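Just below is one structure, and these are the notes that go with it.
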Amino acid sequence: MYHELEISARSLRQPDAGYARYAVSEHQFREQMRYLSEHGYHGLMVGQALEFPRQKSVAITFDDGSETDFSAVAPILRQSGFGATFYITSGWVGQSGHLSVSQLNELTHQGFEIGCHSMSHAYLTDLNDLELQRETFDAKSRLEQIIGKPVEHFSCPGGRYNRRVEQAARAAGYRTVATSRIHANSPSTSRFALGRVAILSAVPIASFAAICTGEALRRLRAESRVRDAAKHLLGSRLYDRVRGGLLGHQE
Ligand SMILES: [Zn+2]
């Protein structure tokens, strides 16, 4: 799972360090694709990966619909002969830093797969039924109108995912949902709960290699559980302090 690429002399869509952590540099991305080629991997889009070909392969996805999908990612993938799925935030198409309508069409013509990453990048687990429908069904229709092809794959903004999100995606007509849960996928994995691994900036090539073989997944899962627990703990402690009035003395 990739996001916007970091390109020298170009600013990222968001300036904060939390966002930059997910922005792999163009140079690093090229190196990673070269690594895959040299080690006999095929880079696949989600629709191809679902057929679970016998060849050594990884599925490659991009979230958000940044303009770097077109300007930097696609040329590198084409050099390697790799496919990929670009999950687009429908409401962001044509906005600064994002894909334009014509770039989106060009990616489609080049043979890449277009998936949907919601309408507004809202965290889907926070929404009511009507909002959830807009973020799944309406977002899908808008993309289909642009590219003139069915959009069959969905990925969850911020990895927020639960049973209701799955049901909304099924009702909207998607064939798959990609989460941010760290696990490999097999024919027995639910197509509405596909695992993915975020490739972060400054990941050494050896760690990238261990993600692609699956060896690193257990450790990454453990680390993400620790982070979630810390967040949860901090959140509830802060909540307790507010309830106790310790933060309630501003005039
Ligand atoms: Zn996103």
query: When the chain is fully extended, how far beyond the present Cα-Cα distance does Arg164 get from Ser25, taking 0.36 nm per residue of separation?
result: 46.5 nm
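Rounded to a whole number, what % of the accessible area of the range 141-189 do carbon and sulfur atoms account for, probe 1.4 Å? Intermediate values should be presented prior to the final figure.
Working: 1080 of 2400 Å².
Exposed carbon and sulfur together represent 45 percent of the surface.
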message: Rounded to the nearest 5, what % of DSSP beta bridges with both residues in the chain are antiparallel?
response: 5 percent
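So for each of 161-167, 84-90, 22-28 I average, over its residues, the number of other beta carbons within 10 Å; can you give me the resulting order with the highest mean first?
Numbers: 161-167: 16.0, 84-90: 26.3, 22-28: 18.6.
Answer by packing, highest mean first, reads 84-90, 22-28, 161-167.
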- prompt: Could the peptides 132-138, 8-14 be put in order, highest first, of the mean number of other beta-carbon atoms found within 10 Å of their residues?
  reply: 132-138, 8-14
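Expressed in nm to one decimal, what extension gain is obtained for the pair Ser37 and Ala202 from 0.36 nm per residue of sequence separation less their Cα-Cα distance? Each step should come with its number before you reach the end.
Values: separation 165, 0.36 × 165 = 59.40 nm, distance 2.01 nm.
Using 0.36 nm per residue and subtracting the Cα-Cα distance, I get 57.4 nm.
Based on the Cβ-Cβ distance from Lys231 to Glu131, what FRET efficiency comes out when R0 is 25 Å, to the nearest 0.05? If you can, show how the numbers build up before the last one.
Details: r = 24 Å, r/R0 = 0.96.
Efficiency, rounded to the nearest 0.05: 0.55.
Evaluate the relative contact order of the range 10-87 (contact order divided by residue number), counting alpha-carbon pairs under 8 angstrom at least 6 apart; express in whole percent.
Numbers: 73 pairs, mean separation 23.7, N = 78.
Once divided by the residue count of the range 10-87, the mean separation gives 30 percent.
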task: Estimate the FRET efficiency between Ala9 and Leu217 by the formula 1/(1 + (r/R0)^6), using the beta-carbon distance for r and 30 Å for R0, to the nearest 0.05.
output: 0.30
statement: Summing -39500 (n - 2.57) over every DSSP H run of at least 4 in the chain, dividing by its residue total and rounding to the nearest 500, the 222 nm mean residue ellipticity is -11000 deg cm²/dmol
- request: Specify the inter-centroid distance of the range 79-144 and the range 168-217, based on alpha-carbon positions, in whole Å.
  value: 18 Å
- prompt: If you place +1 on the Cβ of every Lys and Arg, -1 on the Cβ of every Asp and Glu, and leave all else neutral, what size is the dipole of the range 107-158 about its Cα centre, to the nearest 20 Debye?
  reply: 200 debye
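Report relative contact order for the chain in percent, whole number only (criteria: Cα-Cα under 8 Å, sequence separation at least 6). Intermediate results must be reported in sequence, preceding the final value.
Working: 399 pairs, mean separation 39.2, N = 251.
This gives 16 percent for the chain.
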message: Let me test this: with uniform point scatterers at the alpha carbons of the range 96-245, what is the Debye-based log₁₀ I(q)/I(0) at q = 0.14, 0.18, 0.19 1/Å?
response: -0.87, -1.19, -1.23
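Ordering Cys212, Cys156 from largest to smallest accessible area (1.4 angstrom probe), what's the sequence?
Numbers: Cys212 30, Cys156 0 Å².
Final ranking, largest accessible area leading: Cys212, Cys156.
Packing-wise, with mean Cβ within 10 Å as the measure, how do 139-150, 54-65, 197-208 rank, highest first? Intermediate values should be presented prior to the final figure.
On the way: 139-150: 16.6, 54-65: 20.2, 197-208: 15.0.
By packing density, highest mean first, the sequence is 54-65, 139-150, 197-208.
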- line: Averaged per residue, the 1.4 Å probe accessible area of the chain, protein heavy atoms only, in Å², is roughly 53 Å²
field: Percent accessible area from carbon and sulfur atoms, the range 44-122, protein chains only, probe 1.4 Å
entry: 46 percent
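Report relative contact order for the range 67-203 in percent, whole number only (criteria: Cα-Cα under 8 Å, sequence separation at least 6).
Details: 218 pairs, mean separation 26.1, N = 137.
Worked out over the range 67-203, it gives 19 percent.
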task: Return the single residue from Ser80, Ser180, Ser118 with maximal mean-square fluctuation; model: Gaussian network over the chain, springs between Cα atoms under 10 Å.
output: Ser80
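The values are calculated or read from the model by the stated rules, or taken from the named source; none is laboratory data. Just so you know, these numbers come straight off a predicted model, no measurement behind them. Please note: Cβ atoms are built from the backbone with ideal geometry, for glycine as well, and neighbour counts cover all protein chains shown. Heads up: the accessible areas ignore ligands, DNA and RNA and are worked out on the full protein's heavy atoms, side chains in. Shrake-Rupley method; radii C 1.70, N 1.55, O 1.52, S 1.80 Å.
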